[in-house]
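Below: the structure, in structure tokens.
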Amino acid sequence: MATKTSYAPGTFSWVDLMAHDIAGAKSFYGDLFGWTARDMDTQGGPPYVQFELGGDGVAGMGQMQDEMKSQGMPPVWNNYVTVENVEDTAKQAAELGGTVVMPAMDVVGAGWMAIIQDPTGAHLSLWQPNAHFGAQRVNEPGTFCWNEMATRDIEKAREFFGALLGWEFADNPGSPSKYYIIKNQGQDNGGLMQMTSEWEGIPPHWAVYFAVEDTDASAKRVEELGGKVTVQPFDIPVGRMAVVADAQGAMFSLIKITVDGT
């Protein structure tokens, strides 16, 4: 169990779901991961839910706007990186060739956030904590444990995020395509994956992995709950993973991590 009380700048610290149907998502993830859902006081703003595991906050969820749904936007999991100053980091992202999709905003005393798009096209959320520092538990079953970018230009992404967030990168020779492990202050902090021809039609994006006790059993449960398994469970050097979609279509990965990969 990894209990957190803060996150160093440059570290992934939170994930949240932009759902089409909050009530349906509460039921789906409550069953799949054992989460309970607590409605947050947004002081008149859009509804927001904190998912909790054993009373600790592990993820969040908001309701997608009707306009976005009508345009065909699927529900999506968002990935957040802690930064010292959201406004300054967003400004630097634009100077480095990225785009500020949503300027810095105050989130009801919880902190400040912005959304950027890197030069290769993937969206990432920035978080400057106030009352809310991020997930209280990570890297254990029912919590997020890895954040991964799929991009068609891995070298450009590496250059951008290295300059913006101070990340360093290590080669992962065990990957079937080019893959960098992100290092933040010497700690593993996610990955960058080179998209190949097999990804045709899929835009660059950040994905979240949730740890589970049994990948095969969890993937089966996803289907029983109305979701889909888009990539069947398979073994990788660090464990066993699958790529799935919830009942509304939001994509995420499941992984049982083992120390020796067996």
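The values are calculated or read from the model by the stated rules, or taken from the named source; none is laboratory data. Computed from a predicted model, the values in this text were never measured in an experiment. Neighbour counts run over all protein chains shown; Cβ positions are idealised from the backbone, glycine included. The accessibility values were calculated without ligands, DNA or RNA, using every heavy atom of the protein model including side chains. Shrake-Rupley method; radii C 1.70, N 1.55, O 1.52, S 1.80 Å.
Laid out as a table, the results:
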quantity	calculated
Cross-link pairs LYS91/LYS156; LYS69/LYS178; LYS26/LYS69; LYS183/LYS256; LYS4/LYS220; LYS4/LYS256 - those with Cα-Cα distance over 24 Å	LYS69/LYS178; LYS4/LYS220
Per-peptide average of other Cβ atoms within 10 Å, ordering 98-106, 230-238 highest first	98-106, 230-238
Å² of accessible area per residue within segment 112-240, as computed with a 1.4 Å probe and no ligands counted	47
Taking all pairs of distinct alpha-carbon atoms in the chain, Kirkwood radius in angstrom	18.7
Pairwise centroid distance, computed over Cα atoms, of segment 1-68 with segment 124-177, Å	19
Residue among ALA150, ALA170, ALA219 with the largest mean-square fluctuation in a Gaussian network model of the chain, springs linking Cα atoms under 10 Å	ALA170
Residue with peak Gaussian network fluctuation, the chain [Cα springs, cutoff 10 Å], from GLY44, GLY55, GLY186	GLY44
Fraction in percent of alpha-carbon pairs per bin - 5 Å, segment 179-227	5, 14, 15, 16, 18, 22, 8, 2, 0
Cα-based equivalent ellipsoid, segment 18-120: semi-axes from gyration tensor eigenvalues, Å	27, 17, 13
Relative contact order, percent, segment 95-198 [alpha-carbon distance under 8 Å, six or more residues apart]	20
For the chain: relative contact order, % (alpha-carbon pairs under 8 angstrom, 6 or more apart)	18
Dipole axis of the chain (+1 Lys, Arg; -1 Asp, Glu on Cβ), positive-most option in ALA93, ILE116, TYR180	TYR180
Heavy-atom accessible area order for ILE257, ILE182, ILE22, ILE202, largest first, 1.4 Å probe	ILE257, ILE202, ILE22, ILE182
Size descriptor, Kirkwood hydrodynamic radius, that averages inverse alpha-carbon separations across segment 163-262, Å	14.9
Helical contribution to [θ] at 222 nm, DSSP H n ≥ 4, -39,500 (n - 2.57), averaged over the chain, rounded to 500	-5500 deg cm²/dmol
Given 16 as the ceiling on other Cβ atoms within 10 Å, longest exposed-site-free region of the chain for GluC sites (Glu not before Pro) in DSSP loops	85-199
Mean separation of Cα contacts under 8 Å, 6 or more apart, over the residue count of segment 69-118: relative contact order %	30
Estimated dipole of the chain in Debye, rounded to 20 [Cβ of Lys and Arg +1, of Asp and Glu -1, Cα centre]	120
GNM flexibility winner over the chain from SER175, SER70, SER125 (Cα, springs under 10 Å)	SER70
Apportionment of accessible area to carbon and sulfur, the chain, percent (1.4 Å)	51
Three principal axis lengths of segment 84-216 [C-alpha, angstrom, descending]	42, 37, 31
For segment 52-93, the spread of Cα positions along each principal axis, largest first, Å	36, 35, 11
Reachable aspartates and glutamates from LYS228, criterion Cα separation under 18 angstrom, eight or more residues apart if same chain	ASP21, ASP31, ASP214, ASP216, ASP246
